[in-house]
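Chemist: This is the structure I want to talk about, given as structure tokens.
Just so it is clear, none of the values below were taken in a lab; they were calculated from the coordinates. Here the structure is a predicted model, which means the values were calculated and not measured. Ideal geometry is used to build each Cβ from the backbone, glycine not excepted, and the neighbour counts take in all protein chains shown.
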Amino acid sequence: MEVIHKIGRRKTAVARVYVAPGKGNITVNKKELNTYFPTATLQYKVNQPLAMTNNQENFDISVNVFGGGITGQAEAVRLAISRAMCELDEENRGILKPEGLLTRDPRMVERKKFGQKKARKKFQFSKR
């Protein structure tokens, strides 16, 4: 099996994932998973597709991720790993799809409009 390359996105974060056979090591931007994503919630999000398909110890995963914040990056990595698991075995699709792990979340930050403070917030209105 050669290396599988997949891309995941969330908000402005883009994650490129390279999955190769191995012992279960995950490196994110040349750092260990636990140091790059320090909280347990983010680590769970990244490991979720591997845990659901029982592949935690089977593959070494190398991740390049940039843009966005730490939560968006973790969810982008999760989407990319889910896509890679589906390419490895089509049966994984039936496991991951009901959990919503193959869905690209389309929500983005709404742009700021001119004449306003933010996207929706206005300057204070004075009647007199």
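Chemist: Test Ile61 against the stated conditions and say whether it is touching a helix residue (DSSP H, G or I) at 6+ places or on another chain (Cβ under 7 Å) and assigned to a helix (DSSP H, G or I).
Modeler: no
Chemist: In addition: Could you give every pair whose Cβ atoms fall below 8 Å, whose first residue belongs to segment 91-117 and is in a loop (DSSP other than H, G, I, E, B), and whose second residue is of a type in the set (S, T, N, Q), counting only separations of at least 6 or pairs across chains?
Modeler: Leu101/Gln48; Leu101/Ser82; Leu102/Ser82; Met108/Thr12; Val109/Thr12
Chemist: Scanning segment 28-54 for residues that are outside any helix (DSSP H, G or I), touching a helix residue (DSSP H, G or I) at 6+ places or on another chain (Cβ under 7 Å) and without any contact (Cβ under 8 Å) to a residue 40 or more places away in the chain, which turns out surrounded by the fewest Cβ atoms within 10 Å (Cβ to Cβ)?
Modeler: If we take residues in segment 28-54 being outside any helix (DSSP H, G or I), touching a helix residue (DSSP H, G or I) at 6+ places or on another chain (Cβ under 7 Å) and without any contact (Cβ under 8 Å) to a residue 40 or more places away in the chain, then Asn29 is surrounded by the fewest Cβ atoms within 10 Å (Cβ to Cβ).
Chemist: Testing Arg83 on (1) in contact with a helix residue (DSSP H, G or I) (Cβ under 7 Å, 6 or more places away or on another chain); (2) basic (Lys, Arg); (3) assigned to a helix (DSSP H, G or I), one condition comes back false. Which one is that?
Modeler: Status for Arg83: all satisfied but (1).
Chemist: So, in segment 60-70, of the ones that are aliphatic (A, V, I, L, M) and either over 15 Å from Asn25 (Cα atoms) or touching a residue at least 60 places away in the same chain (Cβ under 8 Å) (or both), which residue ends up surrounded by the fewest Cβ atoms within 10 Å (Cβ to Cβ)?
Modeler: Checking each candidate, the answer is Ile70.
Chemist: Now for a different question. Listed residues Glu99, Glu57, Glu91; which is of a type in the set (D, E, K, R), surrounded by fewer than 16 Cβ atoms within 10 Å (Cβ to Cβ), under 17 Å from Val3 (Cα atoms) and out of contact with any Phe, Trp or Tyr (no Cβ under 8 Å at 6 or more places or on another chain)?
Modeler: It is Glu57.
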